[in-house]
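First the structure, in the form of structure tokens, and then the observations on it.
Every number here is computed from the coordinates shown, using simple stated rules; none is lab data. All of these numbers come straight from a predicted model, not from anything done at the bench. Every residue, glycine among them, receives a Cβ derived from its backbone with ideal geometry; neighbour counts consider all protein chains shown.
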Amino acid sequence: MDQVKIGKFIAELRKEKNMTQQQLGDKIGVSFKTISKWENGRGMPELSLLKPLSEELGVTINEILSGERIQSERYLDKLEENMINTIEYSEEQKEKRNKVIGIVLLIVGFLITLTAISIFPSESSWSSIYSVAGTIVALIGFSKLIRKLQYGKRLLLNFGFFIAFIALLFVLDFVNVVNNHQPPRFSLKTTTGDKMIIYDTPFYDVYRINRNTKNEYYVIDIKGEYTENTVPVSPFNRDKSGIDNISKYQNKYIGNNSNIGNLINNLPLSKYGYVFEIDSNNLVLTIDYHITDWYISDEFYVQKSLIYNSVSIFALIENVEYIEYNFSGSSYKITRKTIEDNYPHYSEIVQNENINKEKFNQYLENKMNDNEFVETIYQKIFEK
């Protein structure tokens with residue numbers, strides 16, 4: 001159908017009746033803006049409005065759809081033509097509506113899913129529920145967009161879209177685990193132990209170590225190289241205090257205040273607050289922690305922290321000779337020579353002024369899980 005021709009015909013008939021757009025609209029129950037849209041060829045009257053519109057304008061529905069007055073001898077031919085055009089136009093409008101609805105549902109589905117991942121906590125069941133709901137809504141929207149295709153193609157494309165959407169959910173979940181250090185939402189199995197929770201997903205495993213403590217950290221195992229017994233377990237936040245991070249602050253000189261401050265800030269105990277002082281002449285580092293030592297003495301935590309911090313500082317800062325740790329009411333002192341003479345395998349951790357990360361983890365980090373070792377070494381190397 002020629003919308004422009006029909007619109008001009010409606011405008012012509014309205015003017016013959018000496019009616020304004022507002023008056024014609026009031027008579028058939030639409031706004032003057034709708035009448036203006038028809039007359040400018042930017043839309044067509046709905047089928048339900050054709051009868052009252054034709055009656056008000058004094059013509060037949062057939063003539064409105066033709067956009068002209070019809071001679072009696074051509075009336076039947078035009079009627080058949082307009083019926084076919086009306087059916088085709090209705091189908092086109094229906095298809096347009098389906099596309100709009102499909103696009104809206106697709107967008108809403110994505111938004112529901114993104115909202116579920118970004119707002120709800122990882123371990124909340126609502127996160128999974130809304131993610132599934134978003135997937136279903138998006139799938140319905142996609143189905144509407146491809147409804148004109150053959151059944152077999154629609155089935156194949158719907159299945160492909162579903163798989164792609166699920167894959168997107170897993171990717172977004174993985175990004176959230178890596179960047180925000182949160183448990184995965186779509187794990188197949190969750191195993192809770194004394195010191196960790198293991199989340200088993202289809203593509204990787206996540207080990208949540210020191211759960212619900214200030215030293216909680218995550219190990220993301222993509223290659224399947226760890227088990228509960230072999231995953232690196234540290235009493236500290238490994239992401240922050242591990243050698244892969246603190247090795248950035250390796251320096252020859254104690255006098256670099258910024259570097260020393262960054263190193264101490266990433267070592268255990270820093271979370272309780274501290275100030276430090278450097279004596280560059282005597283190569284002494286003094287750290288005052290804003291807490292009493294007995295307050296954090298569970299499972300030798302202070303002893304483990306002092307040993308770990310001391311070995312780390314002496315290994316990474318070449319010319320530090322003496323460290324003093326002060327708590328409220330207690331002080332602990334240690335020298336480089338004491339560490340070199342009494343800490344097992346220290347020479348393997350530090351080889352020719354370079355840190356061997358594998359040995360560091362083997363002989364320092366892993367040893368902090370052995371309370372008997374910690375107690376023995378602590379008595380040997382610290383003055384109180």
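A helix-only calculation puts the chain at -16500 deg cm²/dmol for mean residue ellipticity at 222 nm, using -39500 (n - 2.57) for each DSSP H run of at least four residues, averaged over all residues. Answer rounded, prolate or oblate for the chain, using the Cα gyration tensor with square roots of eigenvalues a ≥ b ≥ c: rounded when a/c is under 1.5, else prolate when a/b is larger than b/c, else oblate. It is prolate, given that a/c is not under 1.5 and a/b is the larger ratio. Choose one answer from Ile35, Ile278, Ile222: the residue with the largest mean-square fluctuation in a GNM of the chain with alpha-carbon springs under 10 Å. Highest fluctuation among the options: Ile35.
Checking the cross-link pairs Lys195/Lys380; Lys189/Lys223; Lys51/Lys99; Lys27/Lys96; Lys51/Lys148; Lys195/Lys304 against a 24 Å limit on the alpha carbon distance flags Lys195/Lys380; Lys51/Lys99; Lys27/Lys96; Lys51/Lys148 as lying beyond it. Here the gap between His181 and Asn40, fully extended at 0.36 nm per residue and compared with their Cα-Cα distance, gives a gain of 44.9 nm. Oblate is the label for region 222-309, because the ratio a/c of its alpha-carbon gyration tensor axes (a ≥ b ≥ c) is 1.5 or higher and a/b is not greater than b/c.
So who's got an amide H within less than 5 Å of the one on Ile317, skipping anything under 5 residues away but keeping other chains? H placed 1.01 Å off N, in plane. Answer set, sorted by chain and number: Asn251. Shape class for region 3-70: rounded, because the ratio a/c of the largest to smallest gyration tensor axis (alpha-carbon atoms, square roots of eigenvalues) is under 1.5. Using a cutoff of 8 angstrom between alpha carbon atoms and counting only pairs six or more residues apart, the relative contact order for region 95-180 works out to 32 percent. When Arg336, Arg69 are arranged by Cβ crowding within 10 Å, least crowded first, meaning fewest neighbours, the order is Arg69, Arg336. Each of Ile291, Asn179, Ile112 was placed along the dipole of the chain (beta-carbon charges, centred on the mean Cα), and the one lying farthest toward the positive end is Ile112.
Take each peptide in 187-194, 110-117, 270-277, count the other Cβ atoms within 10 Å of every residue, and average; sorted highest first, the result is 110-117, 270-277, 187-194. Per the Cα gyration tensor, region 189-233 maps to an equivalent ellipsoid with semi-axes of 17, 11, 9 Å, ordered largest to smallest. Taking region 217-248 and a reference point 7 angstrom along Cα→Cβ of Asp200, the backbone N atoms nearer than 13 Å belong to 227-228.
On the beta carbon distance between Ala164 and Lys214, with R0 = 56 Å, the FRET formula returns roughly 0.90. Taking 0.36 nm per residue of separation and subtracting the current Cα-Cα distance, fully stretching the chain between Ser124 and Tyr272 would add 50.3 nm. Within region 153-252, the chymotrypsin sites (Phe, Trp or Tyr not before Pro) that combine a DSSP coil assignment with at most 13 other C-beta atoms in a 10 angstrom radius are Phe203.
Scanning the chain for long hydrophobic helices, with DSSP H runs required to stretch 18 angstrom or more by C-alpha along their axis and to average at least -0.5 on the Kyte-Doolittle scale, returns 3-16, 75-119, 125-145, 151-180, 301-316. Using C-alpha pairs below 8 Å separated by at least 6 residues, the relative contact order for the chain is 8 percent.
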